[in-house]
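What follows is calculated from the coordinates using simple rules that are stated; it is not laboratory data. These figures come from a predicted structure and were not determined experimentally. No Cβ is skipped: glycine too gets one built from the backbone with ideal geometry, and neighbour counts run over all protein chains shown.
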Amino acid sequence: MNITEAMLTVRNFYGMSPRKSILIRGKHGIGKSSIVYQVAEQMSLELEKEKPGSIFGVIEIRLGQFEVGDLIGLPRTQPTYTVERSYYEKGKLVKKEETITDVTIHDLPQWMPRDPNYKGILFFDEINRGTKDTRQWAFQIVLDYKTNFKDVPKGIQIVAACNDNLETYQIGEFDQSFLDRFFVIDLKPTIREFLDYAEKMQAHPAVTMYTEKTNGNNLDAPDTMEPDKRYQSRRSWLALSDTMKHFKARGLDLHDFSADGRKDYFIKVASGWLGSMTAMPFVSYIEKEFQVFSAEQILNEYPKHRKIFKKMIITDYGHYNEVILKYLDKKKTMTEEQMNNLYLFWRDMPNEGAGVFWNQFRIRCEPLSEKWFRTLDIKNKLGSSEIRDYLSKDLLATDGLLGNLQDKPKDKDSK
């Protein structure tokens with residue numbers, strides 16, 4: 001499953017009766033833990049609509065950091081204690097309370113919610129790094145939602161996460177009886193999901209543009225890894241992004257190679273997060289190809305930068321298409337000069353990208369896109385065969401814009 005599918009699955013498992021536990025498996029740094037917290041965020045919003053003031057929690061437990069006593073609670077003696085016994089009476093299961101004396105009980109552990117109406121996720125991160133004893137404790141709770149005769153509140157869903165390669169990671173192996181207690185999600189995130197998340201986190205554009213350009217080939221760690229050798233992950237790419245932004249805020253722009261030794265230093269910094277094999281081509285991309293343009297620069301100064309854009313590939317245009325669309329969706333207007341510059345930009349990109357841009361422009365900025373189309377009289381600048389390549393025939397036909405066009409030559413300022 002990709003991340004979207006995994007989140008949908010976790011959300012829809014919530015509230016199932018009887019409750020089922022979920023195990024998310026995958027490489028390190030691909031977003032297994034983030035899924036849990038993003039689902040909790042969404043669930044809290046849903047609950048808020050139903051009942052204002054509601055909360056949805058995440059209780060995170062890493063078995064490798066706990067002893068069994070931490071998980072079940074410390075023992076103490078109690079003179080009298082009421083327990084619930086299960087019986088079969090006349091062929092039916094019944095439960096009866098019974099008071100016993102001189103009994104050893106365990107206090108509620110710190111992690112256990114005291115509110116019986118608590119709603120949230122009990123998250124066992126890196127569950128296969130636990131000791132044999134703590135994993136034995138987990139046997140009962142992930143199946144029965146009960147620990148040491150105490151029920152987990154009914155509003156809790158158990159989700160666990162683990163790495164999936166026993167040869168690469170120093171982790172314990174699950175036997176089939178333990179694995180059988182989970183619904184297993186083998187997580188394989190898409191490149192687009194990383195880019196969307198990176199954008200949400202305001203990642204450095206060098207990271208997102210390099211990912212698009214390489215089609216994510218250096219995004220995740222390889223399937224086989226050597227011990228103690230540094231490898232990249234989606235998490236470490238975002239950490240490098242944070243590092244680059246922080247350094248720049250302190251006056252050190254890592255991809256400004258004007259200073260002696262700056263490139264070598266940048267390779268060392270990038271290697272600290274990615275490993276040298278991935279850091280070197282990334283820094284080379286920064287040196288030779290990376291240049292960031294804002295929507296304002298494209299719309300106001302495109303002729304000045306046109307030579308650079310004409311060397312770009314379709315993934316580069318895909319990045320700038322989104323930058324421009326977001327800007328126009330917010331701005332809602334363009335000057336005559338900006339309209340002309342947008343036309344040049346649009347004509348310079350490959351037809352596939354131009355078609356995608358037009359469709360998104362129509363959907364997200366409908367009044368402005370129609371004004372742009374009619375003001376520039378684009379249907380008279382493009383021949384009928386060209387316009388069918390560049391624009392959506394269906395959209396144009398329904399809007400009466402295509403009409404009975406005759407083939408016409410390209411305008412002088414086209415490619």
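Observations on the structure shown:
- Calculated [θ] (222 nm, deg cm²/dmol) that DSSP helices of n ≥ 4 give over the chain, each run adding -39,500 (n - 2.57): -14500 deg cm²/dmol
- Reducing segment 326-347 and segment 90-148 to their Cα centroids gives an inter-centroid distance of 60 Å.
- For the chain: relative contact order, % (alpha-carbon pairs under 8 angstrom, 6 or more apart): 14
- Stretchable slack from I100 to S86, in nm (0.36 nm times residue separation minus alpha-carbon distance): 3.5 nm
- For segment 1-143: rounded, prolate or oblate by the Cα gyration tensor [a/c cutoff 1.5]: prolate
- In terms of its alpha-carbon gyration tensor, segment 66-120 comes out oblate; a/c meets the 1.5 threshold, while b/c is at least as large as a/b.
- Sequence-distant lysines (8 or more away, or on other chains) whose Cα lies within less than 16 Å of K331: K371
- Across segment 211-217, rounded Karplus estimates of 3J(HN,Hα) from the backbone phi angles (6.51 cos²θ - 1.76 cosθ + 1.60, θ = phi - 60°) give 4, 5, 5, 8, 6, x, 5 Hz, Gly and Pro being marked x.
- One entry in (i) 5, 22, 32, 26, 13, 3, 0; (ii) 4, 16, 20, 19, 17, 12, 7, 4, 1, 0; (iii) 4, 16, 24, 22, 15, 9, 6, 4, 1, 0 is P(r) over Cα pairs in 10 Å bins from 0, in percent calculated from the shown coordinates; its label is (ii).
- C-alpha long axis of helix 262-274 to longest principal axis of the chain, angle in °: 40
- Once the Cα-Cα distance is subtracted from the 0.36 nm per residue extended length, the L93 to L108 segment shows a gain of 2.7 nm.
- Segment 240-277: trypsin sites (Lys or Arg not before Pro) in DSSP coil with no more than 13 other Cβ atoms inside 10 Å: R250
- Gyration tensor (alpha-carbon) shape descriptor, segment 10-85, a/c threshold 1.5: oblate
- Summing charges over neighbours of V103, with a neighbour being any other residue whose Cβ is under 15 Å away from its Cβ, gives -2 when K and R count +1 and D and E count -1.
- Database remark: amide H of S21 closer than 5 angstrom to the amide H of F183 (H placed geometrically; neighbours at sequence offset of 5 or more, or on other chains; Pro and chain starts carry no H).
- For a label point 7 Å along the Cα-to-beta-carbon line of I363, residues of segment 319-344 with backbone N under 14 Å: 322, 325-326
- With Cα atoms defining each centre, segment 291-319 and segment 181-201 are spaced 30 Å apart in the structure.
- Charge dipole (Cα centre; +1 on Lys/Arg Cβ, -1 on Asp/Glu Cβ; no other charges) of the chain amounts to roughly 700 debye.
- Part-to-part distance (alpha-carbon centres) for segment 228-253 and segment 1-32, which is given in Å: 28
- Antiparallel content of DSSP bridges confined to the chain, in %, to 5: 45
- Residue ranges 56-66, 84-94 sort as 56-66, 84-94 when ordered by packing (mean number of other C-beta atoms within 10 Å per residue, highest first).
- A full extension of the chain between E60 and D329 corresponds to an added length of 92.9 nm, given 0.36 nm per residue minus the alpha carbon distance.
- For the peptides 350-357, 34-41, 122-129, residues were scored by their other Cβ atoms within 10 Å and the scores averaged per peptide; the highest-first order is 122-129, 34-41, 350-357.
- Projected label points at D264 and R306, each 7 Å from Cα along the beta carbon direction, are separated by 4.3 nanometres.
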